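Below is one structure, written out as structure tokens; comments come after it.
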Amino acid sequence: MKQSNNNKKSRDVTAFLYERLSRDDNMDGESYSIGNQKKLLIKVAKEKGYTNLVHFFDDGISGVTMDRPGFADMIQQLEQGKAAAVFVKDLSRLGRNYIEVGRLTETLWTRTQKADRETGAADNK
């Protein structure tokens, strides 16, 4: 099913920003705070040209589990094709289960890349 031009344009400028802080991270200092992650991600996403920024976060939830409400909501909306990019401070913010994080980056998120969007090549991976 083809997206309408308005939906495609909206998706092209939409980026999801995901912030996570677990209780263990609090000991790493202020650089990991949700507020600091948001500031950094907003700056980078805007520099990359994204204008519609949607935040998802999980505060106080360990990255060992992939069952986190903010993360699950973001993944569900990604599967619906609602964003062109996802920004995180580092991959550990997505999760501590590196096998699952790798699977996500190789399968689901390759669909959000810009390459060959007109031909649909990126959507068929």
Exercise. Could you tell me which residue of the stretch 78-125 is modelled with the lowest pLDDT, considering only residues that are among the β-branched types (Val, Ile, Thr) and assigned to a loop (DSSP other than H, G, I, E, B)?
Key: 119
Quiz item: What number of residues in the stretch 47-73 are more than 14 Å from residue 101 (Cβ to Cβ) and among the hydrophobic types (A, V, I, L, M, F, W, C)?
Solution: 6
Quiz item: Quick one: what pairs do we get from the stretch 50-63, first residue farther than 12 Å from residue 83 by Cβ, second exposed (fewer than 14 other Cβ atoms within 10 Å of the Cβ) and modelled with pLDDT of 95 or more, C-beta under 9 Å, 6+ apart or different chains?
Solution: 58/69; 61/69
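The values are calculated or read from the model by the stated rules, or taken from the named source; none is laboratory data. Predicted, not measured: the structure shown is a model, and the values here were computed from it. Positions of Cβ are generated from backbone atoms using ideal geometry, with glycine treated the same way; all protein chains shown enter the neighbour counts.
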